[in-house]
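Every number in this text was worked out from the coordinates using simple rules, so none of it is lab data. Being a predicted model, the structure only gives us computed values, none of them experimental. Don't worry about glycine lacking a Cβ; one is built from the backbone with ideal geometry, like all the others, and counts go over all protein chains shown.
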Amino acid sequence: MEASEYRENDGLALAHLLRDKKVTPADLMELAVALGERCDSEYNALCYVKPEEALSQARRAELKGQFGALPFLLKDSGLASTYLLSSVGSRLFADMKSPINATLNERFIADGFVSFGRTTVPEFCMAPTTEATQNGGPTLNPWDKTRSAGGSSGGAAVAVSTGVVPIAHGSDGGGSIRIPAACCGVFGHKPSRGLVPLGPSRGEAWGGLAADGVLTRTVRDTAAALDGVVGMEVGAPYASPTIPGKYLELLDVAFERPLRIAKWTTAFDDIAVDPDCVAAVEYAAKLLEGMGHEVVDVALPDIKYKSFLRSHQDVLAASVTLTVNGKLRSSPDAEWRTKLEPAIADAYDIGSALSAETYALAINRFHAIGRQMEIHMSGYDFVLSPTLTQLPAKLGVLTMDTDFRSFRNRIGDYTTFLAIINASGQPAANVPIHWTAENLPVGVQLIGHFGSDADVLRLSARLEEAAPWIGRYKDLKHAA
């Protein structure tokens, strides 16, 4: 198999070729490792790659699960792996080892994913760009190297968009799957809270905001990947939403009636929205109306956005303090502060001084948004919005070389439609159906009711059929 053919197939298609013995796991891993080396040298998207060990593992692999023995990449988010080191994008946490696999990682392995490395992230996964000092420089956007690939799953989005792997692990605590998916022109789905396990070492992350998932080139790959990993684990603090069946099988099930879809084209607090981002939403609306659905302009829910941003910052700061103190208790380090980027060091101080009342108030605000969103969506099946308020950020614009609150406030202007959906726990997806005249991807976001992940995937698949995007990947320079 040539690299071009490998890149043209999604994960399920490659798994089919494996089962038909038209390719071997080693064939696919050799291609993935070679493409990974080229991608990393050009875009700085991979870390902790173990090519020789992965090739050896692939040569011994037996086909299992839905994906057989498919090359895969774990995000450098700290998802526990006995096989791969992690840094969470931080010099303080460089080369962390884990004695166990996370529950999610075990499920990935059982479904036929063979991880050969990790993908780059910003420090502690707390930025919408991937420019960590630990990575030795920024992760570049394949469509425009002067722009960010997004974050925090920036390296994952680059790896998928350039065809290194058809599916990569990601996580999302404030847009971290949907942001890079929008920046790099791939599909990125944030699952409903509780659908994908976070254990066994923790029950929630960031006050229930964070969820793990995947970034893919096709909607069906996301559906199939979810089939392999969803479901509550023993002792989890959040019950899994009802799983209606196999997500992959449900993709082709027609909706029983025309849908009513609310549309947002303005942002909270009159934050500016780029005309190209609005144009992407209008294009999506036109496609949906062409399918017979009703798309209705609606006013935004009455969310006090600045108060939410403050609460989001408080919970993130508390997480920084908890994480750093845990590291220092196990490995004292007199120079620890110099190993943190300025915004994260400042977040540590904020978290250290945070009162219990302030933290509890933040959690209550998150829960209130969940109720507000469900009330807002009463009478509607989905919300359609821009994914980002602006085109992919220029490199150096959203760096951590500042105080934490200023940094996060700027992020709030860029990712206005995203973190509130982490607070509500609803499913949402970036659908990459629009490109600018300069060939930059512009995503739209589909938001569903809590637990309606199958419906989000079904409607995303209809948009994929109406405006296919997979052919865009063939034109990337590095894969020529």
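In region 27-166, what is the volume of the convex hull around the alpha carbon atoms, normalised per residue and reported in Å³?
Residue-normalised Cα hull volume stands at 97 Å³.
Let's test the formula: R0 of 25 Å, r as the Cβ-Cβ distance of ASP333 and ALA356. What FRET efficiency results, to the nearest 0.05?
0.35
Just to compare against my own numbers: the Cα pair-distance distribution for the chain, 20 Å bins, whole % per bin, please.
Going out from 0 Å in 20 Å bins, the chain shows 27, 61, 12, 0 percent.
Please list, in order, the residues from region 248-262 whose amide nitrogen is less than 18 Å from a point placed 7 Å along the Cα→Cβ vector of SER378.
Within reach of a label on SER378: 260-262.
Longer than 21 Å from Cα to Cα, which of LYS50/LYS339; LYS145/LYS263; LYS75/LYS97; LYS190/LYS246; LYS263/LYS394 are they? Say none if no pair is.
LYS50/LYS339; LYS145/LYS263; LYS263/LYS394
Given a cut-off of under 8 Å on Cα pairs at least six residues apart, what relative contact order in percent is computed for the chain?
It comes to 17 percent, rounded to a whole number.
Sorting MET377, MET126, MET400 on the 10 Å Cβ count, fewest up front, what's the list?
With the sparsest Cβ surroundings first, the list reads MET377, MET400, MET126.
What is the fewest-to-most order of VAL88, VAL298, VAL253 by other Cβ atoms lying within 10 Å of their Cβ?
Fewest-to-most Cβ neighbours within 10 Å comes out as VAL253, VAL298, VAL88.
So what's the back-of-envelope 222 nm ellipticity for the chain, counting only DSSP H runs of four-plus at -39500 (n - 2.57) apiece and dividing by all residues, rounded to 500?
Per the formula, -12000 deg cm²/dmol.
By how many nm would the segment from THR266 to VAL278 lengthen if fully extended, with 0.36 nm per residue of separation less the alpha-carbon distance?
Between THR266 and VAL278, full extension yields an extra 3.5 nm.
Ranked highest first by the average count of other Cβ atoms within 10 Å around their residues, in what order do 206-215, 9-18, 239-248 fall?
206-215, 9-18, 239-248
Per the Debye formula with a single identical scatterer at each Cα and no solvent contribution, what log10 I(q)/I(0) holds for region 155-276 at q = 0.16, 0.21 Å⁻¹?
For the requested q values the scattering log ratios are -0.94, -1.25.
Given +1 on the Cβ of Lys and Arg, -1 on the Cβ of Asp and Glu, and no further charges, what dipole in debye does the chain carry about its Cα centre, rounded to the nearest 20?
500 debye
Whole number please: convex hull volume per residue, Cα atoms of region 225-292, in Å³.
It is 173 Å³ per residue.
Going 7 Å from the Cα of SER201 along its beta-carbon direction, which residues of region 54-88 have the amide nitrogen within less than 13 Å of the resulting point?
76-88
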